[in-house]
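One structure below.
Throughout, read-outs are computed from the coordinates displayed, never taken from laboratory work. All values derive from a computational prediction rather than experimental measurement. Every residue, glycine among them, receives a Cβ derived from its backbone with ideal geometry; neighbour counts consider all protein chains shown.
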Amino acid sequence: MKTVLTIAGSDCSGGAGIQADLKTITAFGLYGESVITALTAQNTMGVTDILPIPPDFLKKQLQSVFTDIVPDAVKLGMITGVEQMEVIRDCLVKYQAKHIVMDTVMVSTSGKNLMQPEAVDFYRQELLPLAQLYTPNLPEAEMLLKRTIKTKEERVAAVREFALQYKGMVYLKGGHDELCADDLLYDGRKLTWFLAPHLASNNTHGTGCTLSSAIACGLAMELGGEESARKAKEYLTGAIADGLDLGRGNGPLNHMYRMKNL
């Protein structure tokens, strides 16, 4: 069985972070492992507090995984500070981790900073270059590239610049577009659009975590970037469209919608 490791924060409400990742990996029929970077107090209405995991303990988690059940792909999500980033970088390099997917999450949907501002430059310089594929949304891409991205032409220019700077494939998410949910993949040579309507749903908590984990599953199965992205997009669209309605705010997806008829 193929294995996927998620390195991310924990969401006690179950909709995002480690919990969303493990549900996604299970839905793809793979074996999920997790290294927790932070505990969060959050629900569908937002993040109220964050407790980062000490770097020494973070290192012990990573060593436990890589010296036993070695992952076939790695998804990185929420990482709070420089010391954590140093530990993660050193372990990924030491153990020659493969198929790294970087979910460039820095701010929660509710506006809570998930990464210390002083850590952003280290993140750009030391962690991003390790990834095979990145999954920024439009605001994250604007933050990392320090430019505005509005039109389709600007999205094309952005993914080309992103790939040039960080050397990996770029999957630019379009979910923040109110007219559609078209995503764009650039693998360094080819541009591929994944077209989808904008679904009228407030239940989108954890979409970024889910998509990046789904892509990591595809890469673990050696499907390649484009096919991994296509399957991930189809899965995410179905999980939103299923219409799960939980909580009083921005509710979660139904990660297990494919299991309804089992």
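Some notes on this structure:
- In plain terms, if you count all Cα to Cα distances in the range 126-239 and split them into 10 Å steps from zero, the share in each step is 14, 50, 33, 3 percent.
- Averaging Cα coordinates gives a centre for the range 216-262 and one for the range 136-205; these two points are 18 Å apart.
- For the peptides 86-96, 68-78, the ranking by packing is 68-78, 86-96, with the highest mean count of neighbouring Cβ atoms within 10 Å listed first.
- Residue (of V159, C12, L144) at the positive-pole extreme of the range 3-255, dipole from beta-carbon charges: V159
- Counting only residues at least eight positions apart within a chain, or on another chain, the lysines with an alpha carbon under 18 Å from that of K173 are K75, K146, K150, K152, K190, K231, K233.
- Converting phi to 3J(HN,Hα) with the Karplus coefficients 6.51, -1.76 and 1.60 and the offset θ = phi - 60°, the range 165-171 yields 6, 10, 6, x, 6, 10, 10 Hz in sequence order, with x at every glycine or proline.
- Tensor-based shape of the range 109-159 (alpha-carbon gyration tensor, a/c under 1.5 rounded, otherwise prolate or oblate): oblate
- Most tightly packed first, judged by the mean number of other beta-carbon atoms within 10 Å of their residues, the peptides 228-237, 154-163 read 228-237, 154-163.
- Per-residue packing, averaged as other Cβ atoms within 10 Å, sorts the ranges 181-193, 37-49, 3-15 into the order 3-15, 37-49, 181-193, beginning with the highest.
- Charge dipole (the range 3-255, unit charges on Cβ, about Cα centre) - positive-most of I215, L76, G46: I215
- Dipole of the chain, positive end: most advanced residue of L114, Q63, T135 [Cβ charges, Cα centre]: T135
- Point-charge dipole on Cβ atoms (K/R +1, D/E -1) for the range 175-262, about Cα centre, debye to 20: 220
- Applying the Karplus relation 6.51 cos²θ - 1.76 cosθ + 1.60 with θ = phi - 60° to the range 17-25 yields 3J(HN,Hα) values of x, 3, 5, 5, 4, 5, 4, 5, 4 Hz, where x marks Gly and Pro.
- Share antiparallel - DSSP beta bridges, the range 3-255, percent rounded to 5: 40
- Once the Cα gyration tensor of the range 39-107 is diagonalised, semi-axes √(5λ) in Å: 24, 14, 11
- The chain: calculated mean residue ellipticity at 222 nm from DSSP helix runs of at least 4, using -39500 (n - 2.57): -11000 deg cm²/dmol
- Our coupling estimate for the range 97-105, obtained by passing each phi through the Karplus curve with A = 6.51, B = -1.76, C = 1.60 and θ = phi - 60°, is 4, 10, 6, 8, 10, 9, 8, 7, 7 Hz, Gly and Pro reported as x.
- Projected area, mean over directions - the chain, Cα convex hull, nm²: 12.8
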